[in-house]
Structures are given as C-alpha cells and as structure tokens.
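Step one of this worksheet: look at the structure below.
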C-alpha cells in the first residue's frame, strides 16, 4: 500500500516538491459556500507559515476553488513575505505586545529549556522561525487570521540591544 504524501514540517518537501530547507505549516483552512442556481459552490482559503528555523519566517493567506491550490498560493505568498526576527540565543530580546483587530498577543522571553509555550497559531510562527524558548498569551479574538497577524505585529516590534543603540545614538548600560 502506497503511503499518501503529507505536509513536511521538518523542512522542504511537502506537496510542492520544493527542497529549499524551509519548514512549512498549514495553520488553517477555511471553507466558504456560495449558493448559485445549480447548487452550492465551495471555495477555500488557506493560512500557511514558512520558516527556516534560523530566525526567518513568513506568513501567506490565499484563496482558491480547491484546497491544494489555496495551500500552494498561500505557500508562495509566505515565501515572498519572509522577514528576519531578532533573537538572543534561542529566545527574543524583550517582551512585546501585538494587536490586529480584536486579536491581542503578548510574547515574553523565557529562560533556556522552557520551550515554546503558545497556542497553535503563535506556535507555528515561532517554531518555523526557530525561536526555542518563549511564553505567549493571547487575548480577545481566537480567529487564526487575526492572531497570526497580531503575532506578526509583535515580532516586527522586536529590536536587539545593538539596533536600539544605533537608533538612539547612545550606548546602553
């Protein structure tokens, strides 16, 4: 019996056949139904996270008339939207709060060995980016799209000590 291919979260591969070492995680697939004269017409949207597990991650959201097409389109968009996350060791430099719509998230640095303490949506972004020790708490909306955009908002606010010193033109104690 031949085994069915599955989405590879350990890097590359998956349905797309890419072998570039990026981890891919399909976070959420939403089905939409439109009633037309001949019956019901379904469309799908996919939310995908891509990362290199070394400080870079990207998120893609796309729609199509079938699931594989939606996932592939979201995957391509996620690869285009990759950004670098400043890290100190395996954690983040400081506490940040992200917000999008009614979704709020707080991300805290954690000591080594803590792991990623997060919900499924935030965990997908953080693990694909390679953040190993972090605590999170989400508030408000549990909508995956809002939470992932709130997580991205928080991660875009991160600055390392060197970046802050360069921005302010001073040396911090």
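Could you please let me know if residue 34 is assigned to a strand (DSSP E or B) and modelled with pLDDT under 95? Considered against the rule, which asks whether it is assigned to a strand (DSSP E or B) and modelled with pLDDT under 95, residue 34 comes out as yes. One residue stands out among those in the stretch 61-106 that are part of a helix (DSSP H, G or I) and closer than 23 Å to residue 141 by Cβ: the one that is farthest from the chain's Cα centre (by Cα), which is 70. Among the residues of the stretch 81-112, those that are over 27 Å from residue 164 (Cα atoms) and surrounded by fewer than 19 Cβ atoms within 10 Å (Cβ to Cβ) comprise 101, 102. Residue 113 fulfils the conditions (1) in a helix (DSSP H, G or I); (2) on the phi > 0 side of the Ramachandran plot except for a single criterion, (1).
Residue under question is residue 135, and the condition is that it be touching a residue at least 60 places away in the same chain (Cβ under 8 Å) and either surrounded by 14 or more Cβ atoms within 10 Å (Cβ to Cβ) or in contact with a helix residue (DSSP H, G or I) (Cβ under 9 Å, 6 or more places away or on another chain) (or both); does it hold? It is false that residue 135 is touching a residue at least 60 places away in the same chain (Cβ under 8 Å) and either surrounded by 14 or more Cβ atoms within 10 Å (Cβ to Cβ) or in contact with a helix residue (DSSP H, G or I) (Cβ under 9 Å, 6 or more places away or on another chain) (or both). Scanning the stretch 37-60 for residues that are surrounded by fewer than 15 Cβ atoms within 10 Å (Cβ to Cβ), outside any strand (DSSP E or B) and in contact with a strand residue (DSSP E or B) (Cβ under 9 Å, 6 or more places away or on another chain) gives a single hit, 55.
The values are calculated or read from the model by the stated rules, or taken from the named source; none is laboratory data. Bear in mind that the values here come from a model prediction, so they are computed numbers and not experimental data. As a convention, Cβ positions derive from the backbone with ideal geometry for all residues, glycine included, and neighbour counts pool all protein chains shown.
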